[in-house]
1. Once label points are set 7 Å from the Cα along Cα→Cβ at both LYS454 and LEU321, what is their separation, rounded to one decimal in nm?
2. For the pairs LYS152/LYS216; LYS278/LYS403; LYS152/LYS178, note any where the Cα-Cα span goes beyond 20 Å.
3. Take VAL285, VAL256 and order them by how many other Cβ atoms sit within 10 Å, fewest up front.
4. Please arrange MET272, MET397, MET359 by counting, for each residue, the other beta carbons lying within 10 Å of its beta carbon, fewest first.
5. Rank-order 138-144, 220-226 by packing density, defined as the average count of other C-beta atoms within 10 Å over each peptide's residues, highest first.
6. May I ask you to compute the full-extension gain from ALA386 to THR283, defined as 0.36 nm times their residue separation minus their alpha-carbon distance, rounded to one decimal in nm?
7. Only sites in a loop by DSSP and with at most 14 other Cβ atoms within 10 Å count here; which chymotrypsin sites (Phe, Trp or Tyr not before Pro) in region 347-450 make the cut?
8. Applying 1/(1 + (r/R0)^6) with R0 = 41 Å to the Cβ-Cβ distance of GLN246 and GLN401, what FRET efficiency is obtained, to the nearest 0.05?
Amino acid sequence: MASAARSTTEAVSQSAQEVAQSTSVASTSFLDSASRWYADNKVAAWTIAGVTVVVAGGTVYYLSASRPPKVSEEDKKAKKERRKIKKDAPPAYTPRAAEEGEVKSEAKVVPAPAPKTASVAEEPPEELPHVTEDSVGELSDQQRKDYAAKLKAAGNKAYGSKDYNRAIDLYGQAILCKADPVFYSNRAACWNALSNWAKVIEDTTAAINLDPEYEKALNRRGNAYEQEGQYSEALLDYTASCIIGQFRNESAAQAVERLLKKVAETKAKSIMEGKEKKLPSPTFVSNYLQSFRARPLPEGLEESADLEEGSGKWYLRKGLLAIQQRTGDGYTEAAHCFDEAIEKDHLDKHEFSAYAYNMRGTFRYLKGENETALEDLNKSIELDPALVQSYVKRASMHLEQSKRDEAANDFKLAMEHNESDPDIFYHRAQLHFILSEFKDAATDYQTSIDLDPKFIFSHIQLGVTQ
């Protein structure tokens, strides 16, 4: 014990030296410095005080007694009984819970065993005051205070029994007696258990209006906002809770991180939906169009053909000629012309109609209008099933949407109509390449080259694959 006393005394001495050093540096009085040290080191101060008492008591005992006193049988029994009572005692409330009587919906509470000693009987439910908007005005301030406490306690008991509707009624009566943020927050917990998010928001808002730094109410409202899909509002509440709680609440911090992602996704989607669809850069458009072999203008749409100005065929040819400029303005004009070609509806041959839908679908796809682009390609195939390029382009769209089976089926359909078209093998090789099926990709690139040795892109991609 002597060595323990010396060690503890040294710890006390060292802590005292730290206080003395802090007071020597400060320009204020010793009392101010000590007060600040105590505020910053409450735990240490109480520990030092406790250790000092224990050391002093232990030292006195050690010097004054050479052997322990005899203990009678009655003392032993009393000591054993005290230990048993202490063991059976219920856990202490936290300061805030004891003061405010908050219900805890976020954590599972294990009830303490009932004490074996007699306790004050709880007030029967029928003896609870019944308060209405009409009767509350007749109560004195003290009666309101007393009734509010009784109704809150009864509400907590009903909540613990999962009788949420009863608890809601009791908290509502307590609120009539006293507008307390805890009452509102507790009633919000009941609405939360019933998944009535609008009511949760209503009651937590009332609680926050009374106590703007009420963390639990902020967290409850944040959860309700998130359940309602109001992610921005939820993010604000959880962020405020984290700041007030100095980021000690891990679940609130995780909610902030989760909601930041949701808000960003929602904002991005909104921006994209409101943004005008435009073609990408001319280079991107050129590269995509050049992944298909260059073809001459269809018969009947040659530059020498005499077409009625403003007709569907006239716009279709104008669009095809605009593509040959390979400029941003040219591609913009081509997209407009393909729209007009279909809207004029003067296409008297199915082959031109299918081709027009093919080209309009191509430019819609390039602008990111995937749904309408797919509709145009389906229409093109319906009008002319032999137009292989429509299958290939639709396969590319399916591949972009991670629909591998649909893409493979489109290539199969294209092969059934023309098994010697180099475009089919080149774009199917692209599918194999993306799926890391390099051997199959190399085979298809080579087949494309064999069918059309002048198509430079097949040579380039084969070299990359090998």
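None of the figures in this text is laboratory data; all of them are computed from the coordinates on show. Worth saying up front: this structure is predicted, and the values here are computed from it rather than measured. All Cβ positions, even for glycine, are placed from backbone atoms using ideal geometry, and neighbour counts span all protein chains on display.
1. 2.3 nm
2. Details: LYS152/LYS216 17 Å; LYS278/LYS403 25 Å; LYS152/LYS178 10 Å.
From LYS152/LYS216; LYS278/LYS403; LYS152/LYS178, over 20 Å: LYS278/LYS403.
3. The most exposed by this proxy come first: VAL256, VAL285.
4. Ascending Cβ contact count within 10 Å gives the list MET272, MET397, MET359.
5. Numbers: 138-144: 11.6, 220-226: 25.0.
Averaged packing, sorted descending, gives the order 220-226, 138-144.
6. Working it through step by step, the gained length comes to 34.1 nm.
7. none
8. Using R0 = 41 Å, I get an efficiency of 0.35.
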